[in-house]
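Asker: Quick one: this structure, given as C-alpha cells, is what I'll be asking you about.
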Protein chains: 2
Amino acid sequence: MPGSDVAGPRPRVVIVGAGFSGLSVAKRLAKAPVDITLIDRENHHPFQPLLYQVATAGLSPADIAWPIRSLVRDQRNTRVLLGAVTGIDSVRKRVVMADRNMACDVLVLATGATHGYFGNDIWAAHAPGPKTIDDATEIRRRLLLAFERAEMSSDARERERLLTIVIVGGVPTGVEMAGAVVELARKALATDFRTIDPQQTHVMLVEAGPRLLASFPEPLSRHAEQALRRVGVDVRLQQAVTHCSATGVTLGDESVAAGTVIWAAGLAASPAAYWLAVAGDHVGRVVVGPDLRPPGMDDVFVIGDTAFALDVAGKPLPGIAPVAKQQGAYVAEAIQARLAGKPAPPPFRYRDRGLLATVGRKTAVIAFGRRQLTGWFAWWVWGIAHSYFLISLRNRLIVMTQWLWSYFSFERGARLITGMVTRPESLE
Amino acid sequence: MPGSDVAGPRPRVVIVGAGFSGLSVAKRLAKAPVDITLIDRENHHPFQPLLYQVATAGLSPADIAWPIRSLVRDQRNTRVLLGAVTGIDSVRKRVVMADRNMACDVLVLATGATHGYFGNDIWAAHAPGPKTIDDATEIRRRLLLAFERAEMSSDARERERLLTIVIVGGVPTGVEMAGAVVELARKALATDFRTIDPQQTHVMLVEAGPRLLASFPEPLSRHAEQALRRVGVDVRLQQAVTHCSATGVTLGDESVAAGTVIWAAGLAASPAAYWLAVAGDHVGRVVVGPDLRPPGMDDVFVIGDTAFALDVAGKPLPGIAPVAKQQGAYVAEAIQARLAGKPAPPPFRYRDRGLLATVGRKTAVIAFGRRQLTGWFAWWVWGIAHSYFLISLRNRLIVMTQWLWSYFSFERGARLITGMVTRPESLE
C-alpha cells in the first residue's frame, strides 16, 4: 500500500544498510514469510574492496556498484527505501527516519563504519577516505587535478608539493591505493604532460604501527613492503600523522607538503550504539554477543563493521567482507529458526576465507589458514576472486575486459575530473 | 619550459575548446611545425551525441569521454591546459586566463554553445540540458531520484508529478532522450518498485515548431513522431514552454506538474563574440566568412557551435559533429597552407555526412542526401556508426559490450545516484 506503515500479518524485518552484511540478510530471506524493508542512504551497493580502483581511475563507478533495487527485484517480500535513519525508538520498536516512523518486529543494523581521524574530524575535509562511490570519485578528482595544477604551476616547490601523494594507513586499502597511484602516475599518465614528469611523483604510505598489513602474517607484510618500495613507494612505518591541512601533513617533527592526502586509517562506527543506547567500544561499535545481538535485546541484530564481535577463540572479528556476509547469513538463519519455532542456531562461527591484498600490478599477498601466497600467481588469484564476487554477470564481463585491457595497455580509462560544476539547484 | 609563455621560434597556435572542432584542428596539426596549446575547462572530451545515454543510465561517463591529454599525448608539439579563458586581447594577440596571459600567433575559438532558455536563464536550474558529462550525471541523478521519491510518497498526486518527465525540444537530443527515458522506465525499472509502477511514467516531448526533427526530411519527422507515440510518449507539437519551475512547466494555458524537466531546446553560444568584440548573431554566435574567420581578422578562426557560417548554397550550417570536425580539418589546412607560403584553401564546403537520430531501441531515422532510412536496420546503422566514432578501441569494445548486453537484457547498468554528498572542501 502506498506509503503505508501499517502492520502486516507477517513479521516485519527492517534492515538498515545495504552493504555486504545487510544485503546478505535480505538475500537469504528472499523466500521467508516476512516483510522486509531494506533502507540505505544510497541507491547503490558498492563493492567496497574495489573502490580504490575507482579512486585511481581504473574503473568506472557503475562497474563496481549496483542499484540496490535491482539486486532484490525478484524477491517480492522486500521493498527498498532510499533515506537516512535518524534514530531507533526501542520502546515502541520503531525505526525513525526524517519523514516517517517504521514499525518493525526484527531490526537488523548493518550501518557500517567509516575511517576514523582520531578525534580530528576536521581532517576529513583534507584527507578523504574511499568508503563510498562519492568518496572515490572525489579522490579521483583530487588526484587528477593535482597533476593538472602541477602542469600549470611555474613554481618548482609547488609542483613538487602537488606531485606528492600521502596515503595514511597500512591496511589493505592503503597498500592497494599506494600501488595503484604509482601505476597511474608512472604508466597511465607517463607521457601526458609537457612541463611535469609524472615519474617524479612521490607516493608516501604512512603507517603508525611497526608493519604494513598488521592483520596478515608477518612474511606477507614484509613482502608487501618490499614490493611497494621496489616500485618507489616511500613507506613510513611507526610514524603517525599529527596534523593534516589543505597543503599536507605533519608526521611528528617532519612536515610533508602534499597535493593529495588519502585516508585509510582508523575506524569510526555509525551511530548505531547511540541509537540503541547501548555501550559502544572505543570506536563506537555495538558490542554484540556470539548470537550477534546486543546483550538483552532479543529483536535486534547488529552486524558488519558497526558491530564488535569476538570469534570463538576470543579474538575480535576483522572488518572484512567475508565476515560481514557470513554474519548476514547467520542472522537470516536465526530469524528463520525463530519463525519456524526452532531453537536458535549455535553461536556465530567465522569460517576463514583468507586475507587478500594486491600490491600494484605485479604481486598480491594471500593468507589462507596457514598457507601463504605471494607474487604473480597470487595477483591472478586476487583478480579472479574479485571478479567472481562482483555480483552481476554484466559487471564481471566489463570489469574483466577493462582489467585485461589496462593490464596489457597500461591505460586507465576512467580519468575524468567531474563534479566541478556547482549544482544549480539542491534537490535534497 | 615550466610555466613559460615566452614566444618560441615556431608559430604559436592556441585552440580554445577541445570539442569535436577544436580537437580536430589539434589532431590535424600533429606533425606541423607549430606550438599548439589546447585549452579546455574540462579535462575530458565528451562524445556529445551519446550524452543522453549517460543521462538515462545506459552508459558510464568514462565510456564516452576521454582525457584530452591522452588524445594528444603522442603529438609532442601540443600541450594541454585545464582552465577557463576569460577574454581575448586582440590588440596584443593574447588569450587571457585567470592566472596567465598567453601570446599567440593564430587563435582558434571552438568554445561551443549550450542550450538556450530564451532569455529565462533562471529556468536552467530547473531544467538542465545534457551538454557536459556533469550535466548528464545531474540529469541521471534527478531522473532516478524522482522514481525513488515517488516510491516513498504517500500522496497520489505527488507520485504522478514525480513520474512525469518533460523533455523540451524536438531536436535529435530531445527525441533520443524521450526514447531512452521510456525504455528506462518501462524496461530497466519495470519490476524494481513496490509502491509505484514505472510503467505509468508519463514522458512528454514538447516542441514549439510544427514537427519533430525540423532539420530532417518531413517523412522522417513523421516516422519519429509515430514511433515515439507508439511507445507512449506524449508528443506535443506547436506548444512552447512559457514558464518553468521546480515543480513543472507551463505550456501556454496548461500547467504540467513534472518531477524532471530536461532541456534540449534553444541555443546560446559561448562568449566568443564578446571576447572578440565582433557582431554575434541572435544567439551570440560569431558570424564568420567562407574562410571561417570573422571579417577583418586574419589570425582568428571561429568554428563549431560558436560560429555562424553559411554553406555554399547560402544555408546556415547545422550545429552537428560532422560540420565541426570538417571545419577543424579546414582550419588545420588553412594554417598549414599559410606556414608553407601557399595560397589559402578554397572556401569551406561541407560534405554532407547525413543526419541520424535514434528513437528508442527499435528504430532510427537517417537522412543521407536524398536517401532516407528508417526502422530496425537504421537503428543498427546508427549503433555501428556511433561505436565507430567512439575514438578509442577500449571504449568501443566496452560500449558495444554494454549495448549488446542491455539490448538483450533490457538492463541499464549505470543507475547510480551520485553527488549527494556535499563536497567537504572546495578545491576550485
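The values are calculated or read from the model by the stated rules, or taken from the named source; none is laboratory data. Quantities reported herein were computed from a predicted structural model and do not represent experimental measurements. Every residue, glycine as well, gets a Cβ built from its backbone with ideal geometry; the counts of neighbours run over all protein chains shown.
Asker: Mind listing whichever residues of the range B:34-93 are assigned to a loop (DSSP other than H, G, I, E, B), touching a residue at least 60 places away in the same chain (Cβ under 8 Å) and of a type in the set (Val, Ile, Thr)?
Answerer: Once the filter is applied, which keeps residues that are assigned to a loop (DSSP other than H, G, I, E, B), touching a residue at least 60 places away in the same chain (Cβ under 8 Å) and of a type in the set (Val, Ile, Thr), the range B:34-93 yields B:34, B:56, B:64.
Asker: Scan (1) within 9 Å of chain A (Cβ to nearest Cβ); (2) within 25 Å of residue B:135 (Cα to Cα) for the single condition residue B:97 breaks and write down its number.
Answerer: Residue B:97 satisfies every listed condition except (1).
Asker: Let me ask something else about it. In the range A:57-85, what residues are more than 7 Å from chain B (Cβ to nearest Cβ) and touching a Pro at 6+ places or on another chain (Cβ under 7 Å)?
Answerer: If the condition is that a residue be more than 7 Å from chain B (Cβ to nearest Cβ) and touching a Pro at 6+ places or on another chain (Cβ under 7 Å), then A:64 is the only one that fits.
Asker: Only one of A:39, A:68 is assigned by TED's automatic domain parsing to the domain that holds residue A:297 and surrounded by fewer than 24 Cβ atoms within 10 Å (Cβ to Cβ); which?
Answerer: On inspection, the qualifying residue turns out to be A:39.
Asker: Turning to a different aspect of this structure: May I ask you to say which residue of B:166, B:95, B:106 is outside the structural domain of residue B:48 (by TED's automatic domain parsing), aliphatic (A, V, I, L, M) and modelled with pLDDT of 95 or more?
Answerer: B:166
Asker: Somewhere in the range A:154-161, is a residue more than 10 Å from chain B (Cβ to nearest Cβ), closer than 21 Å to residue A:236 by Cα and either crowded, with 24+ Cβ neighbours inside 10 Å or among the β-branched types (Val, Ile, Thr) (or both)?
Answerer: No - not one qualifying residue is present in the range A:154-161.
Asker: Could you check how many residues of the range B:36-56 are more than 13 Å from the chain's Cα centre (by Cα), closer than 21 Å to residue B:387 by Cβ and more than 8 Å from chain A (Cβ to nearest Cβ)?
Answerer: 1
Asker: Does residue B:195 satisfy the criteria of being away from every other protein chain (no Cβ under 14 Å) and in contact with a Gly (Cβ under 9 Å, 6 or more places away or on another chain)?
Answerer: Against the criterion (away from every other protein chain (no Cβ under 14 Å) and in contact with a Gly (Cβ under 9 Å, 6 or more places away or on another chain)), residue B:195 does not qualify.
Asker: Take the residues in the range B:200-256 that are β-branched (Val, Ile, Thr) and within 30 Å of residue B:369 (Cα to Cα), then tell me which one is modelled with the lowest pLDDT.
Answerer: It comes out as B:231.
Asker: While we're on this one: Of (1) within 13 Å of chain B (Cβ to nearest Cβ); (2) surrounded by fewer than 19 Cβ atoms within 10 Å (Cβ to Cβ), residue A:33 satisfies all except one. Which?
Answerer: (1)
Asker: Inside the range B:103-116, can you point out the residues that are touching a strand residue (DSSP E or B) at 6+ places or on another chain (Cβ under 7 Å) and either under 17 Å from residue B:306 (Cα atoms) or buried (at least 19 other Cβ atoms within 10 Å of the Cβ) (or both)?
Answerer: Within the range B:103-116, B:104, B:106, B:107, B:108, B:109, B:110, B:111, B:113, B:114, B:115, B:116 qualify.
Asker: For the range A:279-293, name all the residues that are surrounded by fewer than 20 Cβ atoms within 10 Å (Cβ to Cβ) and among the charged types (D, E, K, R).
Answerer: Answer for the range A:279-293, where residues must be surrounded by fewer than 20 Cβ atoms within 10 Å (Cβ to Cβ) and among the charged types (D, E, K, R): A:281, A:291.
Asker: Please tell me if residue B:263 is aromatic (Phe, Trp, Tyr) and under 26 Å from residue B:181 (Cα atoms).
Answerer: yes
Asker: Separate question: Six or more apart or on different chains, Cβ under 6 Å: which pairs go from a residue in the range A:128-153 that's facing chain B (nearest Cβ under 9 Å) and closer than 18 Å to residue A:265 by Cα to one that's among the aliphatic types (A, V, I, L, M) and assigned to a helix (DSSP H, G or I)? Could you list them?
Answerer: A:128/A:139
Asker: Got at least one residue in the range B:204-219 being away from chain A (no Cβ under 14 Å), in contact (Cβ under 8 Å) with a residue 40 or more places away in the chain, under 25 Å from residue B:147 (Cα atoms) and among the polar types (S, T, N, Q)?
Answerer: No, the range B:204-219 contains no residue that is away from chain A (no Cβ under 14 Å), in contact (Cβ under 8 Å) with a residue 40 or more places away in the chain, under 25 Å from residue B:147 (Cα atoms) and among the polar types (S, T, N, Q).
Asker: Where in the range A:243-303 are there strands (runs of 3 or more DSSP E), lying fully within it, with 1 or more residues that are away from every other protein chain (no Cβ under 14 Å) and free of Cβ contacts under 8 Å to residues at least 24 places away in the same chain?
Answerer: Strands (runs of 3 or more DSSP E) meeting the threshold: A:248-251, A:254-257.
Asker: Name every residue in the range B:266-278 that is surrounded by fewer than 19 Cβ atoms within 10 Å (Cβ to Cβ) and either touching a helix residue (DSSP H, G or I) at 6+ places or on another chain (Cβ under 7 Å) or among the polar types (S, T, N, Q) (or both), in order of residue number.
Answerer: Within the range B:266-278, none qualify.
Asker: Just to check your reading of the model, which residue among A:313, A:279, A:307 is at pLDDT 95 or above, among the hydrophobic types (A, V, I, L, M, F, W, C) and either on the phi < 0 side of the Ramachandran plot or within 18 Å of the chain's Cα centre (by Cα) (or both)?
Answerer: So the residue among A:313, A:279, A:307 that is at pLDDT 95 or above, among the hydrophobic types (A, V, I, L, M, F, W, C) and either on the phi < 0 side of the Ramachandran plot or within 18 Å of the chain's Cα centre (by Cα) (or both) is A:307.
Asker: Can you find, within the range A:180-191, the residue that is farthest from the other protein chains (Cβ to nearest Cβ) among those that are over 23 Å from the mean Cα position of the chain (by Cα) and crowded, with 22+ Cβ neighbours inside 10 Å?
Answerer: A:185
Asker: Quick check, is residue B:260 under 30 Å from residue A:75 (Cβ atoms) and surrounded by 21 or more Cβ atoms within 10 Å (Cβ to Cβ)?
Answerer: Criteria met by residue B:260.
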